[in-house]
Structures are given as structure tokens and as C-alpha cells.
Amino acid sequence: MQQKLIAPVDLQEGYQGKILLVRIVGGKAHGIVCLRSGDEWHREILQKTKRELQDLGFENSDVVPVGGAWIRFEEDNRIIVYGSSDEFGACDKKTAAGLISNAFPGKQIVVRQ
């Protein structure tokens, strides 16, 4: 199976909800850190990301959570990153902000505790 590139950020503009930073371990994608979003629970984001990795052909890799947070797009061109995951703890919000900034150039990323 042809391996496809893993997107560093899976986040829809305007999204308000949970995000999860994950690290890929093992295989050809070892060490990649990604930001994922889109589910009601951080655990569901993790499971969806594991399925995504397998669907992309990375059978020898696994996904490890490195912390969660919440995100909110504001009408004034800001993206707010705050809070943490009850299950996985807080992610490194500076890392999350960097990934988000690359995905949404021109937006101001605000990190709150």
C-alpha cells in the first residue's frame, strides 16, 4: 500500500471543542507530532487518529497521546487554546499553538491556562 503524508493538523476553521496532541511511535512515521480534533471526548480523538494511521498504511506505527486542550475560534481573527484533558492531562500549548499557526497563517494564536 502506498503510504500517504500524515497531516500535521486536523482542524476545521471555526471549530470549538477538544484537541489532542499525539506522537507517532514506531515505523517510518516515528517521532511525528500531530494535532487532532473533532470528537466529544479526547479518547475518541485518539481512537480516530489510530484508525487514520492504519488507513494511511502505517501498520508498524502507533499513536501515543501527549496531552489535550480546548480550542475556540473567535470572530476577531484569534484562536484561543486553553484547558486540558481530564484523561491525558494538558498538552504543550506552545507546541499546539505552533502547529495551529502553521495551519492558519494570519490568525493570532492566544494560549491560556
Legend entry - Complete set of residues in the stretch 24-36 that are surrounded by fewer than 16 Cβ atoms within 10 Å (Cβ to Cβ) and of a type outside the set (Val, Ile, Thr): 26, 27, 28, 30, 31
Inset, instruction - Give me a count of the residues in the stretch 81-106 that are in a loop (DSSP other than H, G, I, E, B) and surrounded by fewer than 16 Cβ atoms within 10 Å (Cβ to Cβ). - result: 5
Inset, instruction - Consider only pairs whose beta carbons are under 8 Å apart and that are at least six residues apart or on different chains; among these, list those whose first residue lies in the stretch 75-102 and is in contact (Cβ under 8 Å) with a residue 60 or more places away in the chain and whose second residue is assigned to a helix (DSSP H, G or I) and of a type in the set (A, V, I, L, M). - result: 81/96; 81/97; 81/100; 88/46
Inset, instruction - Could you look through the stretch 24-40, keep only residues that are closer than 16 Å to residue 12 by Cβ and part of a loop (DSSP other than H, G, I, E, B), and pick out the one that is farthest from the chain's Cα centre (by Cα)? - result: 40
Inset, instruction - Out of the residues in the stretch 3-23 that are buried (at least 21 other Cβ atoms within 10 Å of the Cβ) and among the β-branched types (Val, Ile, Thr), state the one that is farthest from residue 80 (Cα to Cα). - result: 22
Inset, instruction - Could you please find all residues in the stretch 41-80 being part of a loop (DSSP other than H, G, I, E, B) and under 15 Å from residue 27 (Cα atoms)? - result: 56, 57, 58, 59, 60, 61
Inset, instruction - Run down 76, 39 and say which single residue is farther than 18 Å from residue 102 by Cβ and either exposed (fewer than 13 other Cβ atoms within 10 Å of the Cβ) or touching a strand residue (DSSP E or B) at 6+ places or on another chain (Cβ under 6 Å) (or both). - result: 76
Inset, instruction - Scan the stretch 50-66 residue by residue and report those that are under 24 Å from residue 104 (Cα atoms), surrounded by fewer than 20 Cβ atoms within 10 Å (Cβ to Cβ) and either at pLDDT 95 or above or β-branched (Val, Ile, Thr) (or both). - result: 66
Inset, instruction - Mind counting the residues in the stretch 12-23 that are in a strand (DSSP E or B) and touching a residue at least 60 places away in the same chain (Cβ under 8 Å)? - result: 4
Legend entry - Condition broken by residue 3, with the remaining ones in (1) modelled with pLDDT under 95; (2) of a type outside the set (D, E, K, R); (3) within 23 Å of residue 101 (Cβ to Cβ); (4) in contact with a Phe, Trp or Tyr (Cβ under 7 Å, 6 or more places away or on another chain) satisfied: (3)
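The values are calculated or read from the model by the stated rules, or taken from the named source; none is laboratory data. Predicted model only: the values in this text are computed from it and were never measured. Cβ coordinates were reconstructed from backbone atoms using ideal geometry, including for glycine residues, and neighbour counts include every protein chain displayed.
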